[in-house]
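To keep things clear, I will list the structure first and then write my remarks on it.
Coordinate-derived values only; no laboratory data. The structure presented is a predicted model; accordingly, all values stated were derived computationally and were not measured. Using ideal geometry, Cβ is built from the backbone for each residue, glycine included, and neighbour counts are taken over all protein chains shown.
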Amino acid sequence: MQAQSPTTPSDGSPRRFPCVQCGAQVEFSPGQEALTCTYCGTKNEIAREGEILELDLGTYLAKLEEAEPHVVASIVKCDSCGAEATPPANVTSFSCPFCSSNIVAKANECSVVKPHAVLPFALTKEQAISSFRTWVNSRWFAPSALKRQACIDVGLSGIYLPHWTFDAASTTTYRGQRGDAYYVTVTVTVQGRPQVRRERRIRWSTASGVVRNTFDDLLVPASTTLDVSEVRELTPWDLSRCVPYKDDYLAGFRAERYQLPLEQGFQQAQQMMAPAIDASIRRDIGGDEQRIEWQRSTYNNVTFKHILLPIWVSAYRFGGKVYTFMINAQTGEVRGKRPYSVPKIILAVLAGLLVVGIIVFFASRK
């Protein structure tokens with residue numbers, strides 16, 4: 001059955017998603033295009049609407065408010081880690097999903113750019129816990145107490161992390177040098193005796209030109225709450241499975257507000273483009289070695305999307321410290337920080353030294 005349109009009370013309270021069969025509130029089911037009723041089991045299908053559009057970046061930056069639809073979001077900020085996420089419905093006190101600190105705060109409303117697309121959750125909470133258990137058990141130097149605790153007490157929260165994606169065509173003018181290798185025969189003196197050998201030399205010549213590159217769906221995390229390097233390592237994401245944004249997909253989950261402005265997001269995208277541009281320049285120069293002395297890039301046909309990607313996240317306390325880990329809710333990839341067992345590390349070092357000592361002992365007897 002197709003889900004009813006969510007109701008939005010006039011008093012500004014959270015939107016409800018009623019079941020078409022019994023009227024109870026429903027939640028999005030990971031891995032399915034439906035909202036499942038926990039009371040009667042009816043699957044309420046989500047009707048897809050519209051297309052995922054890419055907007056021109058230049059137009060957006062010039063006329064931000066006029067060019068892009070905004071939505072009023074209810075946001076609570078964690079004083080401990082700075083996360084800005086949507087609070088649970090009708091709850092004034094809850095634990096921050098990023099650092100486990102207790103939050104007692106009134107939600108503030110702010111105007112944010114409406115997401116263009118969302119990648120729905122594919123992994124259930126149970127599947128995510130299984131991925132986490134496998135990850136913990138594979139950490140050789142993790143304390144044994146952590147493995148016992150993590151497998152029993154792990155508490156996961158489903159969060160949508162904001163990202164920007166960019167498409168662009170770059171045109172780069174460069175100036176540099178081409179190095180062509182050649183060899184010469186030289187005579188050198190080694191321990192009082194002359195020896196003849198060949199030495200590699202480089203003949204340099206000036207080079208200049210223009211190269212063009214195209215980039216598609218460069219993914220830039222727009223959240224600064226979690227370690228950005230670890231968020232990037234949650235790849236790959238199958239962005240072809242993104243669907244046009246609808247509030248329905250957020251039912252039962254929370255979404256963090258983007259903290260990285262669009263303009264700064266594109267600056268990071270340019271940094272991501274740089275290695276590919278440099279590689280194109282070096283191919284264009286040719287030869288055996290290349291030097292890039294100067295380059296300037298211009299960007300055309302730049303488009304962007306604001307998308308939400310799903311993760312399961314948890315923060316746990318161990319030894320008086322807070323450790324956060326996250327799971328790609330599409331693939332099960334796990335990234336995060338964990339404590340180390342000093343005794344295990346010392347034993348590993350001693351074992352390594354023992355092995356080296358045995359090898360040296362037997363080698364000296366030959």
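Ordering 249-258, 157-166, 291-300 by mean Cβ neighbour count within 10 Å, with the highest value first, yields 157-166, 249-258, 291-300.
Remark on the range 223-282: Rg and Dmax equal 15.4, 50 Å (Cα only). A simple count of charges around L219, restricted to other residues whose Cβ falls under 13 Å of its Cβ and scoring Lys, Arg +1 and Asp, Glu -1, yields -3.
Cβ-Cβ distance of I202 and I52, R₀ of 35 Å, FRET efficiency by 1/(1 + (r/R0)^6): the value works out to about 0.10. Around the amide H of A255, modelled in the peptide plane, lie the amide H atoms of T86, Y160, all under 5 Å away and 5 or more residues distant in sequence or on another chain.
For the peptides 220-229, 181-190, residues were scored by their other Cβ atoms within 10 Å and the scores averaged per peptide; the highest-first order is 220-229, 181-190. Other residues whose C-beta falls under 10 angstrom from the C-beta of T36 contribute a net charge of 0, scoring Lys and Arg +1 and Asp and Glu -1.
Listed values for the range 249-260 are Karplus-derived 3J(HN,Hα) couplings in whole Hz (6.51 cos²θ - 1.76 cosθ + 1.60, θ = phi - 60°), namely 5, 8, 4, x, 10, 10, 10, 8, 7, 5, 10, 9, and x replaces Gly and Pro. Converting phi to 3J(HN,Hα) with the Karplus coefficients 6.51, -1.76 and 1.60 and the offset θ = phi - 60°, the range 170-187 yields 10, 10, 10, 9, 9, 9, x, 9, 9, x, 10, 7, 8, 10, 10, 9, 10, 10 Hz in sequence order, with x at every glycine or proline. Here the residues K114, K305, ranked from fewest to most Cβ neighbours within 10 Å of their Cβ, fall in the order K114, K305. Each label point was placed 7 Å from the Cα along the Cα-to-Cβ direction; for Q21 and E289 their separation is 7.3 nm.
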